[in-house]
Amino acid sequence: LMKYQNKRGGRIVLQAIAAPTLQEWGTLHDALQAALDLEKQVNKSLLDLHVTASKNTDAHLTNMLEEDFLEEQVESIEKLGN
């Protein structure tokens, strides 16, 4: 996304990313559940960005999000959910 933003003339502002509150998991199931939850959060953020791009009639961004990010997120969520 940073390359895309630079390509479109945007300004990137990096912010600190907090570490997850839980950094050790008792079981494999717990670790997979945490991974699934994280994938769902990322997917929601991408969908929110997609809505914003759609509202601003930015077809190029909506297409890029769908092809480069959202499809992969759905696949990851499906794999982790099974």
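Between G10, G26, which is surrounded by 10 or more Cβ atoms within 10 Å (Cβ to Cβ), in a loop (DSSP other than H, G, I, E, B) and not hydroxyl-bearing (S, T, Y)?
Numbers: G26 fails: surrounded by 10 or more Cβ atoms within 10 Å (Cβ to Cβ).
Of G10, G26, the one residue that is surrounded by 10 or more Cβ atoms within 10 Å (Cβ to Cβ), in a loop (DSSP other than H, G, I, E, B) and not hydroxyl-bearing (S, T, Y) is G10.
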All positions within the stretch 1-31 that are within 20 Å of the chain's Cα centre (by Cα) and among the aliphatic types (A, V, I, L, M) = L1, M2, I12, V13, L14, A16, I17, A18, A19, L22, A31
Selection status of L28, of a type outside the set (K, R), in contact (Cβ under 8 Å) with a residue 12 or more places away in the chain and either out of contact with any helix residue (DSSP H, G or I) (no Cβ under 9 Å at 6 or more places or on another chain) or under 29 Å from G81 (Cβ atoms) (or both) | no
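Looking at the stretch 38-50, which of its residues are without any contact (Cβ under 8 Å) to a residue 40 or more places away in the chain and within 23 Å of Q5 (Cβ to Cβ)?
To start, the set of residues in the stretch 38-50 that are without any contact (Cβ under 8 Å) to a residue 40 or more places away in the chain comprises 38, 40-50.
Residues satisfying the conditions are L38, Q41, V42, N43, K44, S45, L46, L47, D48, L49, H50.
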From A35, A59, A53, residue being closer than 25 Å to Q23 by Cα, among the hydrophobic types (A, V, I, L, M, F, W, C) and either without any contact (Cβ under 8 Å) to a residue 24 or more places away in the chain or surrounded by 15 or more Cβ atoms within 10 Å (Cβ to Cβ) (or both) = A35
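Where a number appears in this text, it was derived from the coordinates with a stated rule and is not lab data. Here the structure is a predicted model, which means the values were calculated and not measured. Positions of Cβ are generated from backbone atoms using ideal geometry, with glycine treated the same way; all protein chains shown enter the neighbour counts.
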